[in-house]
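Here the structure comes first, spelled out in C-alpha cells, and everything after it is commentary.
What follows is calculated from the coordinates using simple rules that are stated; it is not laboratory data. Given the structure is predicted, the values throughout are model-derived calculations rather than measurements. With ideal geometry, Cβ positions are generated from the backbone for all residues, glycine too; neighbour counts draw on all protein chains shown.
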Amino acid sequence: MSNATHELTGDVAVVTGGSRGIGAAVVTALAEAGASVVVAGGSEKHGRALVDELGPAHRYLPHDVSSEQSWDELTASVRTELGEITLLVNNAGILDPGHDISETSVENFDRHYRVNQLGVFLGMRAVAGPMKQAGEGSIVNLSSIGGHRGYANQIGYSTTKWAVRGMTKCAAVELGPHGVRVNSVAPGFISTTMIDVMPGSQIDAVTAATPLRRRGTAEEISRAVLFLAARDCPFMTGAELVVDGGLAL
C-alpha cells in the first residue's frame, strides 16, 4: 500500500516494541511515508532484520519502556544520530496468560502496569519537553478493545489499557496549547502472536462476536496509526480510533 498521501519526510519517529506484529507494521508504514524510524526494543533479531530491510535511514535500539534510564539513553541516542523525536508511537505491550482475580499475582499485575501503562507515561514524558519547545509533535498511544469493555481473567491487561485512554486525553489537553497532538488507537482482535496466549475457544468466540466476523490485521492498525501520526488531521487530538470490526458496539 502506498502512503504517499501521508507525508512524513523529515520526521523522526520512535516506535516502541516495533520489531514484530503491529509494531513492525507501524514501522514499515511510517518508513514508507518518509520518516526516519527507530525500532525501540522488542526482539533484537527481528528489529535489526526489519531496519536492514527498510534501509540506512532507520535504526534499531535496545530499550526497556519501563526504565527511566533507558528512556534517557534512547532519546539521547536518537537525538545524536537522527535529530529530535517528532513522532512517538507507544506500541509496546504485553498480555500475560490470564487468571481470575483471586489467583492473579501482584507480580503479574505489576508486570502489566510497568510495560503497558508506566511505559506509555515515561515515553510521553521523555518527548513532551522537546516537542513543546519545537511547537509541534505527534504522539500515538496503542490502547485496546480491552480498554473499552471488561474481560474475565484479564484484569491486569484491561486495567492498563483503560489507563492508556485516560493518559492520552490528559496529555492531549496539556500539550495541545504547545502544538503537540496526542491520540490513541484501540485495536480489536488482531492476528498477531499476542493473542496466542489465549485459549483457542476464547479466540473463536470473540471472532464470532465481531460484527465483521474476522480478526483484523497488523497492517489495518498501522493505517490508523499513520493517519493520526501524519499532518493530515492537524485539528485532531485526544481522539480514539477504535479499529475492532465492530466488537465494541
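At 7 Å along the Cα-to-beta-carbon direction for both C170 and E44, put a label point, then send me their distance in nm to one decimal.
3.4
Any chance you could run the full-extension gain for Q69 through Y151? It's 0.36 nm times the residue separation minus the Cα-Cα distance, nm to one decimal.
Gain in length upon complete extension: 26.1 nm.
Amide H to amide H under 5 Å from T192: which residues, 5+ apart in sequence or cross-chain, H placed 1.01 Å off N in plane?
Those lying under 5 Å, H to H, from T192: there are none.
Of all trypsin sites (Lys or Arg not before Pro) in the stretch 188-249, which ones are in loop regions per DSSP and have a Cβ with at most 14 other Cβ atoms within 10 Å?
Answer by residue number: R213, R214, R231.
Enumerate the residues in the stretch 100-114 having an amide nitrogen under 19 Å from the point lying 7 Å beyond the Cα of A205 toward its Cβ.
Only 100-104 fall inside the zone, counting backbone N under 19 Å.
Once the chain is represented by equal point scatterers at the alpha-carbon sites, with solvent omitted, what log10 I(q)/I(0) does the Debye formula produce at q = 0.08, 0.09, 0.10, 0.13 Å⁻¹?
-0.28, -0.35, -0.44, -0.76
Using the charge dipole of the chain (Lys, Arg: +1 at Cβ; Asp, Glu: -1 at Cβ; taken about the Cα centre), state which of L228, T80, L118 has its Cα farthest towards the positive end.
L228
Between helix 155-175 and the chain, what is the angle of the helix's C-alpha long axis to the longest principal axis, kept within 0 to 90° and rounded to the nearest 10?
30
At 25 °C and 0.890 mPa s, what whole-number value in µm²/s does Stokes-Einstein give for the translational diffusion of the stretch 1-119, with Rh from the Kirkwood sum over Cα pairs?
Diffusion coefficient, whole number: 164 µm²/s.
Under the classification rounded if a/c is under 1.5, otherwise prolate if a/b is larger than b/c and oblate if not, where does the stretch 104-249 fall, given a ≥ b ≥ c as square roots of the Cα gyration tensor eigenvalues?
Oblate.
What translational D, rounded to a whole number of µm²/s, comes out for the stretch 174-249 from Stokes-Einstein when the hydrodynamic radius is the Kirkwood one over Cα pairs, at 37 °C and 0.692 mPa s?
236
Listing T217, T210 from the residue with the fewest other Cβ atoms within 10 Å to the one with the most, what is the order?
Least crowded to most crowded, the residues run T217, T210.
Amide H neighbours of V182 under 5 Å, at least 5 residues apart or on other chains, H built in the peptide plane: list them.
Sorted by chain and number, the residues that satisfy this are I139, G238.
On a 0 to 90 degree scale, rounded to 10, what angle separates helix 68-81 from the longest Cα axis of the chain?
40
Quick one: which residues, 5 or more positions from R59 or on another chain, have an amide H under 5 Å from its amide H? H modelled 1.01 Å from N in the peptide plane, none for Pro or chain starts.
V37, V38, V39
Under a Cβ-only charge scheme (Lys and Arg +1, Asp and Glu -1), can you give me the dipole magnitude of the stretch 25-158 about the Cα centre, in debye to the nearest 20?
Around 260 debye, computed over the stretch 25-158.
Could you work out how far helix 218-229 tilts from the main Cα principal axis of the chain, as a 0 to 90 degree angle to the nearest 10?
Result, in degrees: 50.
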